[in-house]
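The values are calculated or read from the model by the stated rules, or taken from the named source; none is laboratory data. Computed from a predicted model, the values in this text were never measured in an experiment. We place every Cβ from the backbone using ideal geometry, glycine too, and count neighbours over all the protein chains shown.
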Amino acid sequence: MPGEVRARYLALCGNVYLGATVPALASRIMAVATYIVATEPLGAERARRLIANNAAVSDMNWVLDYFRRSADHRLLFGGRVNYSGFSSFDAPSATRARMLAVFPQLKDVRIDYAWGGDVDITLNRAPHFGRLAPNIYFLQGFSGHGIALTGIAGKLVAEAIAGIAARFDVFARIAHRSFPGGAALRRPALVLAMLYYRLRDLL
Ligand SMILES: Cc1cc2nc3c(=O)[nH]c(=O)nc-3n(C[C@H](O)[C@H](O)[C@H](O)COP(=O)(O)OP(=O)(O)OC[C@H]3O[C@@H](n4cnc5c(N)ncnc54)[C@H](O)[C@@H]3O)c2cc1C
């Protein structure tokens, strides 16, 4: 049932899911699917041999992989992205194959969990904050780095609403361009760009 809420301020922070609800924001972000797999527990010693210093690792490719050990000695491996939007993509198998390319010694290991979702990337991969009107704020485009940054974003928008906008405006001044191609051609343009970058990674 439709309802009505009255508020003095509005903060739009709906990630890619806002979509056409706010067209002015939708053109600055693109939904990109990313996936993670978690192996079965490997035991402390086997897990330690994979990443001796317990670092969180990401490689240097443009289409990057990232991985780390979990507290219960699994390997978490993520990063395979699907820019095409084709739903037939077998994400767990593709991500496992990428994991085995880095850690072939895990061939016998079971995948216990696999999950994924959409992240909202901007063209320059910096977050996109600003105002659509003096009392309408938006925060989006975390580009896959939202876990820490969304907490900061919430604090900064609260400060701005309370009247101290200096720190929010540091982010709001970052210039952002729309994805080329408009609503209809954005995804094909991104797929082509990704092919280019993946080819560059391979070379
Ligand atoms: C598989 C995967 C792995 C990731 N790994 C990492 C990582 O290791 N490190 C990292 O920093 N980031 C990671 N991210 C990215 C991180 O999860 C996001 O950057 C972050 O969650 C974005 O936060 P958000 O508040 O903008 O959006 P969300 O957390 O998606 O929240 C948006 C909220 O808005 C609600 N909403 C949307 N539309 C409406 C509407 N019309 N009305 C009401 N409510 C609405 C949604 O229900 C949702 O609750 C990962 C993402 C995925 C998918």
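So in the range 106-122, with the set limited to residues that are crowded, with 19+ Cβ neighbours inside 10 Å and out of contact with any helix residue (DSSP H, G or I) (no Cβ under 7 Å at 6 or more places or on another chain), which one is farthest from Ala31 (Cα to Cα)?
Step by step, filter the range 106-122, then rank; the result is Thr122.
Here's a check for you: in the range 1-13, which residue that is small (Gly, Ala, Ser) and without any contact (Cβ under 8 Å) to a residue 12 or more places away in the chain is surrounded by the most Cβ atoms within 10 Å (Cβ to Cβ)? Break it down into steps so the answer makes sense when it comes.
Filtering the range 1-13 down to residues small (Gly, Ala, Ser) leaves 3, 7, 11.
From what's left, without any contact (Cβ under 8 Å) to a residue 12 or more places away in the chain: 3, 7.
On the way: Gly3: 4, Ala7: 7.
Ranking the qualifying residues of the range 1-13, first place goes to Ala7.
For Asp65, all conditions in the list (1) modelled with pLDDT of 95 or more; (2) surrounded by 16 or more Cβ atoms within 10 Å (Cβ to Cβ); (3) of a type in the set (D, E, K, R) hold save one; what is the number of the exception?
It is condition (1) that Asp65 fails.
Go through the range 1-37 and give me each residue that's within 11 Å of the ligand (Cβ to nearest atom) and either among the polar types (S, T, N, Q) or touching a Lys or Arg at 6+ places or on another chain (Cβ under 6 Å) (or both).
Hits for the range 1-37 are Asn15, Thr21, Thr34, Tyr35, Val37.
Which residues, counting only those in the range 99-145, are modelled with pLDDT of 95 or more and of a type in the set (S, T, N, Q)?
Gln105, Asn135, Gln140
Can you name the number of the only condition in (1) outside any loop (DSSP other than H, G, I, E, B); (2) within 19 Å of the chain's Cα centre (by Cα); (3) more than 8 Å from the ligand (Cβ to nearest atom); (4) not assigned by TED's automatic domain parsing to the domain that holds Glu40 that Ala114 fails?
Single failed check for Ala114: (4).
Surrounded by 14 or more Cβ atoms within 10 Å (Cβ to Cβ) and either in contact with a strand residue (DSSP E or B) (Cβ under 8 Å, 6 or more places away or on another chain) or not in a loop (DSSP other than H, G, I, E, B) (or both): which single residue out of Ala20, Ala55, Ala38 fits that description?
Values: Ala20 fails: surrounded by 14 or more Cβ atoms within 10 Å (Cβ to Cβ); Ala55 fails: surrounded by 14 or more Cβ atoms within 10 Å (Cβ to Cβ).
After ruling out the rest, the residue left standing is Ala38.
Is at least one residue of the range 92-105 within 12 Å of the ligand (Cβ to nearest atom), over 29 Å from Arg173 (Cβ atoms) and surrounded by 19 or more Cβ atoms within 10 Å (Cβ to Cβ)?
Yes.
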